[in-house]
Amino acid sequence: MTVQRSLRALAIASVISLLAVGGSSPYAQAEATNVPAGIQLSKDLGLADPSAEINITVHLKLNDKAAFDKAVDALYDPASPTFHKWMTNADLKMYAPTENQRQAVRKELENHGLTILSTDPIGFTIRAHGTLANVESAFNTEIHQFQHNGKVFRANVRNAQLGGEAGNYVSTVAGLESHQVRPLYARALNPRTQKPFAPVPLSKLGKASSFPTGFITTQCLFAPTTYTLEYGTPPVLPEGVYTGTVYEQSGVPCAYQPQQLQTAYGLNAVYEQGLNGTGQTIVLVEGYGYPTIEKDANAYFKLTGLPLLNKSNFSIVYPQGKPNPNLGILTGWNIEIALDVQSAHSIAPGANIVVVVTNGEDSEDFQNSIAYVANNGLGNSVSNSYEEDLDLIAGPLEQTSWDEAIEVATAQGITVNFSSGDSGDNGLGTPLGAPGVPAVAPHATAIGGTSILNDAKHPGSTITTSWGDTLTFLAGGYSLYDPPIPIGLIGGGGGGESVFWPKPSWQASLPGKGRQTPDVSALADPYTGVTLVVTVNGQQQLQCCWGGTSLSSPIFTAFWALANQQAGHPLGQAAPAIAALPYGGVQDVLPTTDSTPKNVSGVITDSSGSTTYSASGLFEPFLYSNKGFTSAFLPIDAGDVIDFGFGIDSSLTVKHGWDNATGWGTPNGLTFIYAVGGAATANKK
C-alpha cells in the first residue's frame, strides 16, 4: 500500500470512529454536534458566497418523537393492532409542535432576514428563503464549500443552532448542509473508445409501429470458444490462448424490450391474474423536467406495443414552481426521466404515473418534493433514481432531515425507494461507510442492481448476478498483454453498512451495527440493460443501452405498485416487508461459480515459458472474498479483446440470503407479489 493510500485509510478510519453508530442517537447528534465529520476527508474551498440565495427546511421537534417512532414501527408489526392502519394528516398532527412553538421559530427566522415560504399541512416543518449570510446569522455558524471526489457541497464548520428560545424547538435543518443531487443512470460504452452504441433516429423508421429488428438481442452470452491471441508472423511470442464464453459475439448489443423484461421477471402470469397496476399511482421524483417527456414515452410505447400515456394516466407536478425545462437537458435529467417513465410503465402498464419535478438540484429541493408527495397523497409507490453523497460524508443535519421527511411518508403507507448507487463500495475497499445518501435512511428502501444474462449452456434460462462490471484487458492495439492488464470496476450496484444510522429493528438478524443496504435489487447493468426514446437536439432517438440503479429503482417501484394492487391496500415501506418474508419470497441472487470451463481462462507463452491464468486469476486484484462470478470474452475487434466479468462488485459480495450487493434478492412474479400482498392481507383479517 502506498503512503498516500495509507494516509487516506487512516483518515477514513478516523472519520468512521467519529461517526460510528452506537452511543447517542443520530437525532441527538444532529442537535449537539452537527458539524459533518466527513469534511475531514474533503477539501475546504473556503467560505461559501454569503450573498448566495438558498432555501432551507426547518424540521421542528415533535411533541413526543419517541412515541411517534414507536407508532410508526407498530404500523409495520403484524402483531400490532395498528398494523397497516396508515396515519392520516389528522393523525400526524397529534405529534406536531404547538402553534406557539412554530410561531417562535418563524419569528426568529424572520428576525434574521429570512422569508417564510410555507409551513407544511401537518405543522412538522417550516420552509424559508434567504441568503447564506441570513442563514449563518440565524444559526450562529459559518458555512464553507467543500469538495470530495469531484463533488462540491456546502456544510457548517461550527455547530448550527437557531438562536433564542426558538432553538429549543428545532430538530434538524435541510439545506444548511447541502449536496447536489445527481441521477444514477449508466450507459454501456465501448470500453476501448468510450463511445455508446449508435442510436437510431425515429425518422428512419418511417411509419413503422414495431421495434426494429437487429437493434438489440437478449442473447448476451454465446457458447465457449477459443481465442489464440498472436500478433505478428507466426510463430511469434508472446502468444495467448484463452477459452471461455463470449459476450456480444454478433456485435448486436445485449438489452431488453419491455416484453422481454416482463418475461424475465415472470410478469406474464401476473398480468393474467389482472394485475397490471390499475388503480395504482407510481410517483417519480425528478430534477427540472424536459419538454418532450410524454411525446418520447409514447413514441417508445408505440414501438413496443404498450398502452400510451394521456391526461387520464399521466401528469407532471411542480411543487416549487415550473423550472426552465432546458436545465433538465443540460444536466442530464432528460435521460433520467425518460428512463424512469418508460421502465416503470413497462412493468406496470396499467398504473398512473405522476412525475414530480423539482426547481433545483439541492438535496433540500428533493426532500421538499417528497414531503409534497406525502402531504398531498399523490401515490403510494415513489421512485427516486438519484444520490447525493456517501454515508461517510453526509453529516447529521443532512442525514436526519432526509429521514424525517421520509418517515412521514412511511407513516402514511408510502414506500419511498432510492437507487443504492452505481459505484460499488465507492472505492473505500470496505462496505463500512460506503452506502449512498439518502438510500441508507432507515425509513427508505434501498434498491440495488443486478445483471440478467442468458444461460449459454441452457437455452431459455437466465443467469442473474449482482451488477458489478469488471474488466481485464487481454489484448489491445494488436498487441497481446503479457501479463493481462486488470482495469477494475466500471460500474456496480452500491451497498454497505452505515456509520451513522443503527440497524432498524427489521434488520436485527443482519451482520454489523449499522443500517445495511441494499434491501432488494433489480436490473441495473447497462451491458444487459434497456433501450429508451429521448429527444436529442430536436431529433427523437431510440437509444441503447441504459441501466444503473436509476433503472432498478423504477422497476422495483412498479413491482410494488402491482403488489399494492393485489393486496387491495397500500403495503407501505417495502424494506421491512421484504425482510420479513420467508426464504423464497424474493429470488435470492446466488454467486455463480468460476470452476466450470465456461468462464474465461488461458495460458500465455513467452520467452520465459508458460503462465496459466485461471478465471479467478484474471480478476484476482478485485475479487476480495467473492469468487463467484460470470466472465466472458468481449472481442471489440481483432486487436482488442477483453475479459468481461459480471457480478464482481468491488468488495461487496453475493451470499446466500441477504448480502450487501443485492440485498434479499430480486422480485419474481406472482411468488413475490403474493408473498408481500397475501401475507399482509392475511394479517389484516
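Structure above, values below:
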item: Mean-position separation - Cα centroids, region 394-473 and region 302-365, in angstrom; result: 21 Å
item: Centre separation in Å (Cα based) which lies between region 73-105 and region 153-208; result: 30 Å
item: Of (i) 0.95; (ii) 1.14; (iii) 0.98, the label for Rg/Rh (Cα atoms, Kirkwood Rh) derived from the coordinates; result: (iii)
item: Sequence-separation-based contact order of region 43-181, relative, with Cα cut under 8 Å and 6+ spacing, percent; result: 35 percent
item: C-alpha long axis of helix 549-567 to longest principal axis of the chain, angle in °; result: 70 degrees
item: Over the chain: helical MRE at 222 nm, DSSP H runs n ≥ 4 each giving -39500 (n - 2.57), nearest 500; result: -7500 deg cm²/dmol
item: Area accessible to solvent at Lys457, 1.4 Å probe radius, in Å²; result: 140 Å²
item: 13 Å beta-carbon shell around Ile642, net charge (K/R +1, D/E -1); result: -4
item: Segments 215-223, 535-543 sorted - mean Cβ within 10 Å per residue, highest first; result: 215-223, 535-543
item: Rounded to 10°, Cα long-axis angle of helix 99-111 versus longest principal axis of the chain; result: 80 degrees
item: Mean Cβ neighbour count within 10 Å, used as a protection proxy, ranking 119-127, 103-111 highest first; result: 119-127, 103-111
item: Cα centre as origin, Lys/Arg/Asp/Glu Cβ charges: the chain dipole, Debye; result: 1100 debye
item: Fraction of accessible area attributable to carbon and sulfur, the chain (%, probe 1.4 Å); result: 53 percent
item: Rounded tilt (10° steps) of 65-74 against the dominant C-alpha axis of the chain; result: 50 degrees
item: Dipole in debye (nearest 20) - region 397-532, about Cα centre, beta carbon charges: Lys, Arg +1; Asp, Glu -1; result: 240 debye
item: Solvent exposure of region 492-619 as accessible area per residue, Å², 1.4 Å probe; result: 28 Å²
item: Most to least packed among 567-573, 464-470 [average Cβ atoms within 10 Å]; result: 464-470, 567-573
item: Value of relative contact order over the chain, rounded to a whole percent, pairs C-alpha under 8 Å and six or more apart; result: 17 percent
item: Fully extended contour minus Cα-Cα distance, from Leu330 to Val317, at 0.36 nm per residue; result: 2.6 nm
item: Candidate lysines for bridging to Lys311, where Cα separation is under 21 Å - those fewer than 8 sequence places away on the same chain excluded; result: Lys295, Lys302, Lys322
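The values are calculated or read from the model by the stated rules, or taken from the named source; none is laboratory data. Remember, predicted model here, so these are calculated numbers, not experimental data. Don't worry about glycine lacking a Cβ; one is built from the backbone with ideal geometry, like all the others, and counts go over all protein chains shown. For the accessible areas, the whole protein counts, side chains as well, though only heavy atoms, and no ligand, DNA or RNA atoms are used. Shrake-Rupley method; radii C 1.70, N 1.55, O 1.52, S 1.80 Å.
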